[in-house]
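One structure below.
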Amino acid sequence: MYVAVKGGERAIDAAHAWLAEERRGDPAIPELTVPQIREQMALAVNRVMAEGSLYDPDLAALAIKQARGDLIEAVFLIRAYRTTLPRFGASRPVDTAAMAVDRRISATFKDLPGGQVLGPTFDYTHRLLDFALAAGGELPSAPQAPARDEPVPHVTGLLDRDGLIEEQPRDDTPAPDLTRQPLELPATRALRLQALARADEGFTLSLAYSTQRGYGRTHAFVGELRIGRVAVEVELPELGLAVEIGEIELTECDTVNQFKGSKSEPPQFTRGYGLVMGQSERKAISMSLVDRALRWQELGEDFAGAPAQDEEFVLSHCDNIQSTGFLEHIKLPHYVDFQAELELVRRMRREAAQMQEAAE
Amino acid sequence: MTDQAYNFAYLDEQTKRMIRRALLKALAVPGYQVPFASREMPMPYGWGTGGVQVTAACLTPDDRLKVIDQGADDTTNAVSIRRFFQRTAGVETTEHTAEATVIQTRHRIPEQPLSEGQILVYQVPIPEPLRFLEPRETETRKMHELEEYGLMHVKLYEDIARHGEIATAYAYPVKVEGRYVMDPSPIPKFDNPKLAGNPAIQLFGAGREARIYALPPYSDVVSLDFEDHPFTASKADHACDLCGSATSYLDEVITDDRGTRMFVCSDTDFCASRQAQGHRGRLSPQGDNKP
C-alpha cells in the first residue's frame, strides 16, 4: 500500500553522512592531507584550477579531497566558490615572453634563441609501472644546471619578422568576461579562447583530435610549447604604477599552421593559440588546434561542416559543469512528464488498435 | 539560522540587481527570452539553477517560500532547494500554496489557483521552444525576431498527420500576447490553461542556458493548436485514490509486481488539504467517505 513518501530530508542527511564515510575510506589508512594532494597530485590540481577558472592550488586540492578524486566534481566545487568572490579588478595582461620557463620546446626548429628545454615531462618515459613507487622510500635527486640567462622569445615572433606568419596586430580592447556576461553568438576570438581555456580537457582533446583526422584539418605544427611562471601585475590608479602581486604557472601553446592562402589571404603560416592555467600541455595543445579550426571564417576558408569548426557547437558544449549538470539531471524525478507521456502513448495505441480493427 | 559567510539569499547584491534588470525586461516583453549572466550555483546546472537565481533575486526577508518538484514538497530536489534558502536567506517556508508569497516549481503549476501578489518561479531546462526544430541559437533568435513560427506549425501538423493528434504531452508550446512562442517549461499540458490570465507573476529561469522570461499577471497565453484540432488539457482518467479529487493531475504509482496501480494527486499540498477536509478516495483508510 502506497503512503505518500515522506522522509526525503532524512534520506538526504543519511546519504550525505554515508558519502562522508566513503570519502574517508578505511579509517585504518592514514587520511590524505590537502598539502599532500597539492604537492603530489599537482596535475590534477592544475586541471581543477584551469577548468574551475580559479588559480588557487590549496582550494583545488581541498576540492579534490572533498570530491573523492572526481575531478569534474572538484571543478564544480571551485566554480561554485569562485562565483561568490567579488571581482575587484583585472590584472595587466601577463607577459608570457618573459616567462621563467621550466619547459620550452619547439617542434618546428631544431634549435632557437632560448633553447629547447625539456623540463619535467612524461615524454620519452617508458610507461612501465614503477613498483618501486609502491614501496615508497627516498628519491634520488635530479641533477641541477644553472638557469640559462637569456631571453626566450616566441617562435611566432621569429616567423613574424620574416612576414611568414599572419600578422597579429595588438588589440587593447578589454576582453569580455564569460563569467559575468551571457555568452552571445557569434563570439569574438577572445571570448572563444576564454571559453576554451576553461573547457573540459577531454572534450577539447577529442575535438582537436578530430581535426587531425580530417574533420576540419588545420595542418598544425607545435611552433612552441612553454610552461613556467609569469608575474601577475595590477595597476594601482592611486599610485599610477603597476605592482607585482604574485606569480602563476601557465602552459602556452602556439601552433603554426600550414596555409595555402584563400580568397582573402596570401599563402603564409597561420596561428592557433592555447593558454591554460597550471601545467597542462595536453589541454593547451588541444585548445590551440581547436582555436585554429574555429578561425575558418576569418581566414576565408571553407566550412567543411566539421564539429571543431562550428563555433556554436563547440562553445555550447565545451563546459563540463554545464554538461554534467544537465546530463545528470535526468536522474531527478520526471514522474509528471512521464505520466503525461504514458497517457499519450496509451491513447495513441488504443487509436491505432481501433484503426487496425476497423481495417480488418 | 543563516550562513553568515554568504550574502542574503546567497547571491551578491550586484548579481541580484543584474537578474532583477533581466526580470523587469522579461516582464515588459512577455514571452521574450532575455539573456542574463547566469552564475554558477552550488547545485548543478539542470537542477534548478535558473529558478534558484530568480528566487534569490526576488526574495525579501519577509517572504514565505514554497518549493515543489513534480507538484510535491517532499521530493528530494525540492527539499534540497528549500533547505538552501532556509540556510542562506533564513526565510520562512511553507507547504501551503495559499500561504506562500514565492513558489519555486519544477514541472507543475499548483492545483489551487494563485492570487495577486504571489510569484511563481519555474525551473526551465531548455527555454527555447524551437530548439528541437532548429538546434542553432543564432537561427532561433532570428526566427523569434521575425515572428517566423511556420516551422512549429508544420511540426504540429505533421504530428496530426502521423498520429491523429499533437503528440506533445508536456512542455507544450504557447503563444504569449499574440507575439512570442514560449516554452512553458516541462509542465504537463494539463497545466497549460493555468498559465493564462493568472493573477500571479510567473517567472521562468534557465540557468545553464542563461535565459529569463516572464508572464506578467493576467497575460494572454494560448496553447498552439488548429481550429479543427483544438488543444485539450489531458490527465489520467481516474480520481485520486487518496482524496477522491477528479480534477487534479495524477501520478500513477505501481503498487505491486502484478501491475496493480493507484493514482494519487501529484500536488501533495492539494491532496493533503483535501484529506484534512475529510475528502476520501478509493484506497483511503476506512472512515467517513465524502467524495
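Here are a few things to note about the model shown:
- Filter result for A:D111 (assigned to a loop (DSSP other than H, G, I, E, B), acidic (D, E) and farther than 20 Å from A:C318 by Cα): yes
- Single unsatisfied condition, B:A78 versus (1) of a type in the set (G, A, S); (2) surrounded by 15 or more Cβ atoms within 10 Å (Cβ to Cβ); (3) at positive phi: (3)
- Test result for A:P174, assigned to a loop (DSSP other than H, G, I, E, B), within 30 Å of B:A206 (Cβ to Cβ) and either of a type in the set (G, A, S) or within 14 Å of another protein chain (Cβ to nearest Cβ) (or both): no
- Some residue of region B:212-229 being crowded, with 23+ Cβ neighbours inside 10 Å, within 14 Å of chain A (Cβ to nearest Cβ) and at pLDDT 95 or above: yes
- In the set (1) among the acidic types (D, E); (2) closer than 22 Å to A:Q181 by Cα; (3) more than 8 Å from chain A (Cβ to nearest Cβ), the condition left unmet by B:D12 is number (3).
- Unmet requirement for B:T88, which otherwise passes all of (1) outside any helix (DSSP H, G or I); (2) within 12 Å of chain A (Cβ to nearest Cβ); (3) polar (S, T, N, Q): (1)
- The residue list A:Q168, A:Q181 contains one member that is part of a loop (DSSP other than H, G, I, E, B), touching a residue at least 60 places away in the same chain (Cβ under 8 Å) and either under 26 Å from the mean Cα position of the chain (by Cα) or within 14 Å of chain B (Cβ to nearest Cβ) (or both), which is A:Q168.
- Annotation: A:R10 fulfils all but one of (1) surrounded by 11 or more Cβ atoms within 10 Å (Cβ to Cβ); (2) within 13 Å of chain B (Cβ to nearest Cβ); (3) among the charged types (D, E, K, R); the unmet one is (1).
- For beta carbons closer than 9 Å, sequence separation of 6+ or different chains, a first residue in region A:305-327 that is closer than 18 Å to A:M49 by Cα and a second that is in a helix (DSSP H, G or I) and among the basic types (K, R), the qualifying pairs are A:I321/A:R79.
- Matching residues, region B:8-45, being surrounded by fewer than 18 Cβ atoms within 10 Å (Cβ to Cβ), over 30 Å from B:K142 (Cα atoms) and touching a residue at least 60 places away in the same chain (Cβ under 8 Å): B:F8
- Total residues in region B:141-198, condition out of contact with any Pro (no Cβ under 7 Å at 6 or more places or on another chain), in a loop (DSSP other than H, G, I, E, B) and away from chain A (no Cβ under 14 Å): 8
- Count - residues of region A:289-341 that are within 30 Å of B:T232 (Cα to Cα) and more than 14 Å from every other protein chain (Cβ to nearest Cβ): 0
- Residues within region A:95-106 that are surrounded by 15 or more Cβ atoms within 10 Å (Cβ to Cβ) and assigned to a loop (DSSP other than H, G, I, E, B), tallied: 2
- Subset of region B:237-272 (residues that are within 19 Å of the chain's Cα centre (by Cα) and assigned to a loop (DSSP other than H, G, I, E, B)): B:T247, B:S248, B:Y249, B:S266, B:D267
- Among all positions in region A:98-121, there is at least one residue which is without any contact (Cβ under 8 Å) to a residue 12 or more places away in the chain and among the charged types (D, E, K, R).
- Qualifying residue in region B:31-52 (condition: more than 13 Å from chain A (Cβ to nearest Cβ) and either hydrophobic (A, V, I, L, M, F, W, C) or touching a helix residue (DSSP H, G or I) at 6+ places or on another chain (Cβ under 6 Å) (or both)): no
- Whenever a residue of region A:269-286 is surrounded by fewer than 23 Cβ atoms within 10 Å (Cβ to Cβ), its partners that are acidic (D, E) and in a helix (DSSP H, G or I), lying with C-beta atoms within less than 6 angstrom and at least six residues away or across chains, give the pairs A:Y273/A:D291.
- Unique match (being over 20 Å from A:C253 (Cα atoms), outside any helix (DSSP H, G or I) and modelled with pLDDT under 95) among A:E301, A:E328: A:E301
- Considering residues of region B:94-123 that are β-branched (V, I, T) and away from every other protein chain (no Cβ under 12 Å) only, the residue surrounded by the most Cβ atoms within 10 Å (Cβ to Cβ): B:V121
- Residue within region A:63-74 that is assigned to a strand (DSSP E or B), among the small types (G, A, S) and either exposed (fewer than 14 other Cβ atoms within 10 Å of the Cβ) or more than 12 Å from every other protein chain (Cβ to nearest Cβ) (or both) present: no
- Scanning region B:127-160 for residues that are over 29 Å from B:Y45 (Cα atoms) and either modelled with pLDDT under 90 or acidic (D, E) (or both) yields B:E147, B:E148, B:E158, B:D159.
- Failed condition for A:F221, given (1) surrounded by 13 or more Cβ atoms within 10 Å (Cβ to Cβ); (2) part of a helix (DSSP H, G or I): (2)
- Flag for B:Y213 being among the aromatic types (F, W, Y) and in a loop (DSSP other than H, G, I, E, B): no
- Within region A:310-360, the residues that satisfy the criterion of being surrounded by 13 or more Cβ atoms within 10 Å (Cβ to Cβ) and over 30 Å from B:R39 (Cβ atoms) are A:F338, A:Q339, A:A340, A:E341, A:L342, A:E343, A:L344, A:R347, A:M348, A:E351.
- Residues in region B:155-196 that are surrounded by fewer than 17 Cβ atoms within 10 Å (Cβ to Cβ), closer than 25 Å to A:Y335 by Cα and of a type in the set (A, V, I, L, M): B:A196 alone.
- Some residue of region B:243-251 being over 23 Å from B:F190 (Cβ atoms), among the polar types (S, T, N, Q) and within 13 Å of chain A (Cβ to nearest Cβ): no
The values are calculated or read from the model by the stated rules, or taken from the named source; none is laboratory data. Predicted model only: the values in this text are computed from it and were never measured. Cβ atoms come from the backbone with ideal geometry, glycine included; neighbour counts cover every protein chain shown.
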